[in-house]
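Step one of this worksheet: look at the structure below.
The values are calculated or read from the model by the stated rules, or taken from the named source; none is laboratory data. Values in this document were obtained by computation on a predicted structure and should not be read as measured data. Backbone-built Cβ (ideal geometry, glycine too); neighbour counts: all protein chains shown. Only protein heavy atoms, including side chains, enter the accessible area calculation; ligands, DNA and RNA are left aside. Shrake-Rupley method; radii C 1.70, N 1.55, O 1.52, S 1.80 Å.
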Amino acid sequence: MSKKKSCKKVYITTPIYYVNDVAHIGHAYTTIIADVLARYNRLIGNDTFFLTGTDEHGQKIAQSAEQRGKTPKEYSDEISGKFKTLWDDFDISYDKFIRTTDEEHKIGVQKAFQKMFDKGDIYKGNYEGNYCVGCETFFTDNQLIDEEGCPDCGRPTTIVKEESYFFRLKNYEEKLLKFYEDNPDFILPKAKAKEIVNFVSNGLNDLSISRTSFDWGVKLPDSMDDDKHVMYVWLDALMNYITALGYGTDDANMHYWPAKTHLVGKDILRFHAIFWPAFLMSLELPLPQHIAAHGWWTRDGEKMSKSKGNVVDPREVTDAYGLDAFRYFMLREVPFGQDGDFSQRALMDRINSDLGNDLGNLLNRISGMSGKYFDFKVTSKDVEKYHKKELDEVHLILENIEKLICDMQIHKYLEELWKVLTIANKAIGDYEPWNMMKNNRQEEAMALVALIVNIMAKVSILLDSIMPSKIKKIALSLGIDINNASYQNLIQNKGLIDDTVITKIDALFPRIEEPLLVTADVQKVEEVVQKPRKEIEKQEQLEEDNLITIDKFFETSLKIGTIVEAEKVPKSKKLLKLQVDLNEGRNRQILAGIKEFYKAEDLVGTQACVVANLKPAKLMGMISEGMLLAAKDENGLNLIRPEKPKKIGTKIS
Ligand code: MSP
């Protein structure tokens, strides 16, 4: 196995996501880290293959589909599609999106099963033990909590008694322990390796790898002539890492194997660090270089769960705060491997301070100075003459930075880049270019501006994998390209940029004063899973007849409000910005599309009917916290108002 730190072929994977749920920030976190690794490797010139996808078989998925009255395939198509769209919208640079329902995958898994069987690593027996459907995992009696509970998720396990095929995991105990010893950075962070070594040292049982009580899974190879069984979902799922490269079918991309990094969450480390290497040893394939396990995200200090209604939707966050800011926050806030807490305050602080002040403002300052003093034209010709000290400091930091990414210390990597930005910000204060200009020291002032532009260019190259879209804007403003050639020139060879012309751009990270996500605090619990079948059917019938129940109607909170302020929204043809009193101790800001029909001043003091529990939305960068009822026909639009004035806040029913 290759032990080189930076190899030419690089294969990066995310876990494949179960389709029993839609994505939350935990999923986004794994995917974003993998995306950063993939982008970084491409930038430094490695031939990179980045895989993500969905895990679609198993009892859990079959049950979720049934609860929704769908076939497992219909249901998987729907949720898998949502994952894919999310990653596309998030500009995740994957090379392949695999689904375990893909034909090629199934063929590959069957071939692998056959190979392990032929080798004598699989035998048929009887399984009797405890199974957690939620975690799709078998447990021994002494692993259970209070004789029944799953040690991972706490839910009750069920006793499964069935004929089963087994993988001779026990035979691999010694080999695994030797492998961990010889490859101390197989598991990252290294601290986590101990846990795995202890687990294996305590003895492994052979692993049940087939099920007969349901059929939503990959069938055994035809040659086994045993139709009753489907493969255990984790065997099926782990194989995706090689079937995606063509294992068992066309082998087209198998030259990317072994993987450089399998990104996983800490909850699934054991499957990747024990089962997966054992399967690979059985298949006589080389083992991956790293299994990198990140921690879990909590919400304001609490575990995220649907029942608590505190699950953070990554789309909501990025719609409100921007994708790049979210990426930066997730990677900078928490050391890799540790649990992290998602709070809007922490996110806002990162945006305002790190991104707004240190990065955005620096760009602003250099474009301001270059414009004012040099008509935006910048030359690097005297940078070395006047600023060798600063350049050396910068290069010293940058020299050691690649190692941090390789060791998955992305938060440190960012910390180091911010030290470089501090050198730039400090240089402006120390050298006071405005005084240089006053004292006719243009050459020195130009050298200083060019120093800052060069630092900014170097940092941008190394930040490109973290915030690709904002860095594109910075590159445009600095007049530089970000690619492997500029990486080689500015980072590896410590070179300087060619003469350039700076372009002024809008603030990259405008200051955020108030939390923008009002809804995540009260996000609704998705209850469908818990609803009994009959209720779902009743609901579906009503929907078909286009009727709603009275309860459904009362889900909408309608109230009388008084408009206390009204003004036009500049640059908008339709919108008026209203402040509406609903007797809540503060006014609501509502953006209403009624500008063509009402003058702002005519509305002040009048009453309206307000939808008061509408999810707040952002329109033209402003929050709107409700909606006014109105009717529109060919004669125009009228607001719906009470016939006679009513007490402010009166409920409408
Ligand atoms: N299907 C398996 C993986 C098979 S890989 C061969 C699976 N899927 S999952 O959808 O349940 O989880 C996918 C990833 O999301 C895991 O790495 C898991 O750690 C991560 N997260 C789920 N919730 C999380 C948080 N709250 N925080 C961070 N990551 C978490 O497991």
- Message: Using alpha carbons only, how many angstrom separate the centre of the stretch 311-353 from the centre of the stretch 33-89?
- Response: 22 Å
- Message: Could you tell me the center-to-center distance, by alpha carbons, between the stretch 428-452 and the stretch 579-622 in angstrom?
- Response: 51 Å
- Sum up the charges of everything whose Cβ sits under 13 Å from the Cβ of Gly45, counting Lys and Arg as +1 and Asp and Glu as -1, but leave Gly45 out. +2
- Task: Compute, for His57, the solvent-accessible surface of its heavy atoms (probe 1.4 Å) with the complete set of protein chains present, and express it in square angstrom to the nearest 10.
- Result: 10 Å²
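How long are the three semi-axes of the equivalent ellipsoid for the chain, computed from the Cα gyration tensor as the root of 5 times each eigenvalue, in whole Å, largest first?
Numbers: eigenvalues 449, 344, 73 Å².
Whole-Å semi-axes of the equivalent ellipsoid: 47, 41, 19.
For the stretch 219-313, what does the convex hull of the Cα positions come to per residue, in cubic angstrom?
Values: hull volume 14.6 nm³, N = 95.
That works out to 153 Å³ per residue.
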- Item | Check: the chain dipole with +1 on Lys, Arg Cβ and -1 on Asp, Glu Cβ, in debye | 1800 debye
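Which order do peptides 149-162, 463-476 fall in by mean Cβ count within 10 Å, highest first?
Details: 149-162: 14.9, 463-476: 19.9.
Averaged packing, sorted descending, gives the order 463-476, 149-162.
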- His395 versus Asp339: modelled label distance in nm, points set 7 Å from Cα along the beta carbon direction: 4.6 nm
- Item | Angstrom value of the Kirkwood radius, inverse mean 1/r, which spans all Cα pairs in the stretch 342-501 | 16.1 Å
- Task: Quote the charge dipole size of the stretch 340-382 about the Cα centre in Debye, to the nearest 20; the model charges only the Cβ of Lys and Arg (+1) and of Asp and Glu (-1).
- Result: 220 debye
- For the stretch 353-445, max minus min Cα coordinate along each principal axis, in Å, sorted largest first? 48, 29, 22
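Report the gain in length on full extension from Val611 to Lys419: 0.36 nm times residue separation, minus Cα-Cα distance, nm rounded to one decimal.
Details: separation 192, 0.36 × 192 = 69.12 nm, distance 4.92 nm.
Result for the pair: 64.2 nm of gain on full extension.
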- Message: Per residue, how large is the accessible surface of the chain? Use a 1.4 angstrom probe and give square angstrom.
- Response: 46 Å²
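May I ask for the net charge around Ser76, where only other residues with Cβ less than 10 Å from the Cβ of Ser76 are counted and Lys, Arg are +1 while Asp, Glu are -1?
Working: positive: Lys70, Lys73, Arg99; negative: Asp55, Glu56, Glu74, Asp77, Glu78.
Here the count lands on -2.
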- Any idea which of His395, Trp434, Ala193 is furthest toward the positive side of the dipole for the chain, if Lys and Arg beta-carbons carry +1 and Asp and Glu beta-carbons -1? Trp434
- Message: Which residue, Ala252, Ile291, Ile25, has the largest displacement toward the positive end of the dipole of the chain when charges sit on each Cβ (Lys, Arg +1; Asp, Glu -1)?
- Response: Ile25
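What does DSSP give for the chain in terms of the percent of beta bridges that are antiparallel, rounded to the nearest 5?
Values: 52 of 75 bridges.
The antiparallel fraction comes to roughly 70 percent.
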- Note on the structure: With the dipole of the stretch 342-501 defined by +1 on each Lys or Arg Cβ and -1 on each Asp or Glu Cβ, the option from Ile474, Leu496, Ser486 whose Cα lies farthest towards the positive pole is Ile474
- Message: If Rh is defined by the Kirkwood formula over all Cα pairs and Rg also comes from Cα, what ratio Rg/Rh do you get for the stretch 534-639?
- Response: 1.07
- Query: Roughly what % antiparallel, to the nearest 5, for the DSSP beta bridges in the stretch 1-157?
  - Reply: 30 percent
